[in-house]
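For reference, the structure is listed below as structure tokens.
The values are calculated or read from the model by the stated rules, or taken from the named source; none is laboratory data. Since this is a predicted model, take the numbers as computed values, not measurements. Glycine gets a Cβ as well: all are built from the backbone with ideal geometry, and neighbour counts include every protein chain shown.
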Amino acid sequence: MAVGLRLSSELVAGVLGGAALGWGFDRLLSTSPWGLIVFSLLGFTAGVINVMRAAGVMAKQSERL
Amino acid sequence: MAADPIHQFQITKLFSLGHIGGQEIAFTNSSAYMFAAVGIIAILMLAPSRQLVPGRFQSIAELSYEFVANMIRSTAGKEGLKFFPLVFSLFMFIAVSNLVGIIPYTFTVSSHLIVTVTLAMLVFLTVLIYGLSKNGLKFFKLFVPSGVPIYILPLVVFIEVISFFLKPVSHSVRLFANMLAGHIALKVFASFIAMLGAIGVVGWFGAVLPLGLTIALTALELLVAFLQAYVFAILTCIYLNDAIHPGH
């Protein structure tokens, strides 16, 4: 259960973080709704990458050092 | 009759500590429960007399010490032990405040996003500053994967940067969402008992079902309260391990 919770929260955090970033971007530069769209998609991508990292499918960032 | 399931998360001001820049600094029920959690930990850690054959409280203190020390040793290695105070404080604070929050009519500190974000940012900034001071500018190689064609490199680096900064988000949202959802579910099922009980004799028999569910949920919440503290601590260890031993 702990692993499942970890993976799902990783994906949710990705989308939420991306959406929040896009919303702030739109507010600052008044480019609504493009920032929200683009950053949500990017956040989703980053979330999927984080899920794959957490599951051990993909190499971690720290291995590049 | 239906109790508001969100009401338990209300922040109320107990007394004011003064103003900073026109913003009132209030001592709230949340702060009171944070102090209570710290007080309980302090009593647990300091009060028991040290005996060769440990008593009940001394056993709890020693067990929790061993538990966290083993967790750090197994995930971050021997060098990770210099972060023992940080991980132990985080684990004990979250575990105790979650367990206190299970008691009816109490307030759960970690059911507020701002609290968990603060804890997660503490870990994130520790890892970031320690990683930067240990690896120097090589730290930024984190964001540049090798063997990527130059024309999509900016996009890939951008996504890598976002995914790096999502770590504290998922770290904090996990704890917050678990505590919030668990307490709302408990409250909703408990209010079903009162609703059914108000119908009459038939309702009393019907109320047995949500009562059983509430008891089962309370047991589950007890597990979740401890498990989330454990997950938070072990993820802290994993992030610290990334900073201490890069390339593993």
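So here's what we get for this one:
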quantity	calculated
Failed criterion for B:Tyr230 (all others in (1) in contact with a helix residue (DSSP H, G or I) (Cβ under 6 Å, 6 or more places away or on another chain); (2) of a type outside the set (Lys, Arg); (3) assigned to a helix (DSSP H, G or I); (4) within 14 Å of another protein chain (Cβ to nearest Cβ) hold)	(1)
Sole residue being under 19 Å from the mean Cα position of the chain (by Cα) and either within 14 Å of chain A (Cβ to nearest Cβ) or surrounded by fewer than 16 Cβ atoms within 10 Å (Cβ to Cβ) (or both), chosen from B:Val208, B:Val201, B:Val224	B:Val224
Residues being away from chain A (no Cβ under 14 Å) and either loosely packed, with under 14 Cβ neighbours inside 10 Å or on the phi > 0 side of the Ramachandran plot (or both) - total across the range B:88-145	7
Test: residue in the range A:21-31 that is under 12 Å from the mean Cα position of the chain (by Cα) and either under 26 Å from B:Leu227 (Cα atoms) or at pLDDT 85 or above (or both)	yes
Test result for B:Phe165, under 24 Å from A:Gly47 (Cα atoms) and surrounded by fewer than 15 Cβ atoms within 10 Å (Cβ to Cβ)	yes
Qualifying positions in the range B:1-32 - within 30 Å of B:Ile199 (Cα to Cα), assigned to a loop (DSSP other than H, G, I, E, B), of a type outside the set (A, V, I, L, M) and at pLDDT below 80	B:Asp4, B:Pro5
Residue in the range B:97-117 that is free of Cβ contacts under 8 Å to residues at least 12 places away in the same chain, closer than 22 Å to B:Tyr65 by Cα and within 14 Å of the chain's Cα centre (by Cα) present	no
Residue check, B:Ala190 on the phi < 0 side of the Ramachandran plot, more than 14 Å from every other protein chain (Cβ to nearest Cβ), hydrophobic (A, V, I, L, M, F, W, C) and in contact with a Ser or Thr (Cβ under 8 Å, 6 or more places away or on another chain)	yes
Filter pass, B:Pro168 being closer than 26 Å to A:Asn50 by Cα and within 11 Å of chain A (Cβ to nearest Cβ)	yes
Top-ranked residue of the range B:33-67 - restricted to ones that are among the hydroxyl-bearing types (Ser, Thr, Tyr) and part of a helix (DSSP H, G or I), ranked as farthest from B:Phe88 (Cα to Cα)	B:Tyr33
Condition met for B:Leu153 (more than 10 Å from chain A (Cβ to nearest Cβ), over 28 Å from A:Ser9 (Cβ atoms) and over 14 Å from the mean Cα position of the chain (by Cα))	yes
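Let's see how each residue does on (1) more than 10 Å from chain B (Cβ to nearest Cβ); (2) in contact (Cβ under 8 Å) with a residue 60 or more places away in the chain; (3) surrounded by 18 or more Cβ atoms within 10 Å (Cβ to Cβ):
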{"position": "A:Val12", "(1), (2), (3)": "no, no, no"}
{"position": "A:Gly22", "(1), (2), (3)": "yes, no, yes"}
{"position": "A:Leu29", "(1), (2), (3)": "yes, no, no"}
{"position": "A:Ser32", "(1), (2), (3)": "yes, no, no"}
{"position": "A:Ile37", "(1), (2), (3)": "yes, no, no"}
{"position": "A:Val51", "(1), (2), (3)": "no, no, yes"}
{"position": "A:Lys60", "(1), (2), (3)": "no, no, no"}
